[in-house]
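Following: one structure in structure tokens, then a few remarks.
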Amino acid sequence: MTSTASAKKDSAGGLFARYVSQNILGMLGLSAYVLADTFFISLAQGADGITALNLVLPLYSLIFAIGSMIGVGSATRFKIYRARGDQEADYYFSNAIIFAVIFGLIFSLAGLFFPGPIVRLLGGTENIVAIGIPYTRIFMLFGPFFMMNYICNAFVRNDGNPSLAMTATFSSSIFNIVMDYVLMFPLKMGMPGAALATAFSPIVGIGICCIHLFSKKNSVRFRLQLPSLRRLGRACQLGVAAFMGEISSGVTTMVFNFLILGLTGNTGIAAYGVVANVALVATAVFNGISQGSQPLLSDYYGKNDGKSVQKILRLSIITGIAAAVLIILVTNLIPDVIVAVFNSENNSEMASYAVFGVQLYFTGFLFAGFNIIGTGFLSATESAAWAFITSVLRGFVAISLCALLLSALFGMTGVWLAFPVAEFITAVLMVIAIAQNVRKMRIK
């Protein structure tokens with residue numbers, strides 16, 4: 001009995017290491033192309049280019065958030081039902097794809113007909129709007145592909161092939177980075193070239209995921225059916241954590257953009273653009289831990305294996321704390337080096353804002369990492385109400401209120417402090433939510 005239990009624990013730990021490490025690499029690859037965009041755009045367009053990119057980042061976040069909510073939520077339902085031997089599992093992939101096309105086309109039409117008003121609405125001045133229109137139009141046209149890429153990747157990962165899911169994500173990012181350079185410089189296409197490179201990258205990811213989806217090992221089924229709002233709703237209940245993990249950076253960016261515009265103008269927004277884009281890399285690490293552990297949590301939860309669920313949770317939190325400490329150390333030891341990479345014009349005012357911002361802002365990842373992992377755990381174990389409450393608090397309420405209050409009191413220093421303070425507030429509630437959920441499983 002003891003040896004069996006020990007083997008089971010080792011198995012859970014080994015699976016955790018494989019799934020999480022590969023998913024972290026995949027998510028880092030996904031965030032790398034945003035950094036590449038920022039770097040190449042800073043070379044080609046300077047601070048105005050970074051400002052334009054930063055203003056439209058919330059749109060990226062919204063597209064990714066919807067795709068991730070549908071994809072991760074549907075794949076989580078698929079995994080839980082599959083673990084229980086329920087045939088309902090077979091209907092979630094096709095339903096997710098259908099709704100990705102429906103929602104994606106809304107973004108495509110908005111980008112095709114209203115790119116100027118969209119950039120203006122996000123705070124762009126006339127010169128920024130002129131730079132941002134072609135970029136916005138192109139990447140929004142490909143909205144359905146961004147969403148379908150998330151869905152295919154989530155299902156491949158949940159169907160027991162995290163290696164291919166990581167390869168798909170990493171390959172699409174490498175494609176984006178290479179094509180960024182080729183289209184922007186040798187072909188001299190500027191911002192439209194950057195948008196085209198980004199727009200075609202999810203198609204590469206989908207193509208690689210299809211290697212599994214059309215293989216004999218695949219257990220994901222595509223069923224021709226009318227779209228089901230009931231299944232969409234059930235998927236979104238468990239995908240809300242993934243949604244908030246993506247949308248929170250977009251909401252933060254939008255709120256901060258408007259506040260910073262009033263405090264320091266376009267220079268401050270360019271500085272925040274550097275901080276926000278580097279923060280995407282840190283966020284990717286914790287999303288990697290959360291999404292990498294999700295298939296295991298859902299599988300063990302579906303089999304009523306509470307001990308393995310708790311083991312995966314414990315490993316996730318320990319890994320998250322270690323990653324947060326490392327990120328805080330690096331960003332506080334070499335903030336000037338990080339900022340200099342994106343400051344091709346050697347703008348000293350922008351650099352001073354950004355260096356100070358990096359040092360304060362990134363302390364929040366000690367709490368943000370725990371919150372991202374926590375909401376992922378709650379969703380993976382069907383604790384939809386707690387996942388929704390903590391996600392909304394983190395993604396919208398706390399960050400908005402803290403930014404408004406602290407910027408009014410302390411100016412730009414308050415803006416940088418809003419993120420760590422909001423994440424700390426959420427972490428207090430997250431401890432209560434996780435404790436209640438673990439207690440519920442013990443009672444079961």
Say we join alpha carbon atoms closer than 10 Å with springs in a Gaussian network model of the chain; which of G265, G143, G395 then has the biggest fluctuation? G265
What does the extension gain come out to for A322 and K188, with contour length at 0.36 nm per residue minus their alpha carbon separation? 44.0 nm
Note, ³J(HN,Hα) from phi for the range 112-127, Karplus 6.51, -1.76, 1.60, rounded to Hz, x at Gly and Pro: 5, 9, 10, x, x, x, 5, 5, 4, 4, 7, x, x, 7, 4, 5
Give me the percent relative contact order of the range 1-140, please, defined on Cα pairs under 8 angstrom at least 6 residues apart. 23
Under the Karplus curve 6.51 cos²θ - 1.76 cosθ + 1.60, θ = phi - 60°, whole-Hz ³J(HN,Hα) for the range 185-198, x wherever Gly or Pro sits: 10, x, 8, 6, 8, x, 4, x, x, 4, 5, 5, 4, 5
Given a 1.4 Å probe and the protein chains all in place, what does the accessible area of R314 round to, in Å² to the nearest 10? 130
Just the accessible area per residue of the chain, please: how many Å² with a 1.4 Å probe? 38
With n ≥ 4 as the cut-off for DSSP H runs, can you work out [θ] at 222 nm for the chain, using -39500 (n - 2.57) per run divided by the number of residues, rounded to the nearest 500? -30500 deg cm²/dmol
With x for Gly and Pro, the residue-by-residue ³J(HN,Hα) of the range 369-383, computed from phi through the Karplus equation 6.51 cos²θ - 1.76 cosθ + 1.60 at θ = phi - 60° and given in whole Hz, is x, 4, 5, 5, 5, x, 5, x, 4, 4, 5, 5, 10, 6, 9
So, taking all protein chains as they sit and a 1.4 Å probe, how much accessible area belongs to I131, in Å² rounded to tens? 30
Give K303/K440; K79/K217; K217/K311; K217/K307; K307/K440 a once-over and call out the pairs whose C-alpha atoms are over 19 Å from each other. K217/K311; K217/K307
Carbon and sulfur atoms account, in whole percent of the 1.4 Å probe accessible area of the chain, for 71
Sorted by chain and then number, the residues having a modelled amide H within less than 5 Å of the amide H of M189, at least 5 places away or on another chain, are M184
Over the range 116-207, relative contact order from alpha-carbon pairs under 8 Å, at least 6 apart, %: 35
Suppose the chain between N346 and K303 were pulled fully straight at 0.36 nm per residue; how much longer would it get relative to their current alpha carbon spacing? 9.8 nm
For the chain, with a Gaussian network of springs between Cα atoms less than 10 Å apart, report the residue from N54, N153, N346 with the top mean-square fluctuation. N346
Between the range 175-225 and the range 401-436, how many Å separate their Cα centres? 36
In the chain, which Cys residues have no partner Cys with a Cβ closer than 4.7 Å? C210, C236, C402
Relative contact order (%) - the range 145-298, alpha-carbon pairs under 8 angstrom, separation at least six: 21
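The values are calculated or read from the model by the stated rules, or taken from the named source; none is laboratory data. From a predicted model like this one, the values you see are computed outputs, not experimental measurements. Here Cβ is always computed from backbone atoms with ideal geometry, including for glycine, and neighbour counts include all displayed protein chains. Ligands, DNA and RNA are stripped out before the accessible areas are found, and what is left, the full protein with its side chains, is counted by its heavy atoms. Shrake-Rupley method; radii C 1.70, N 1.55, O 1.52, S 1.80 Å.
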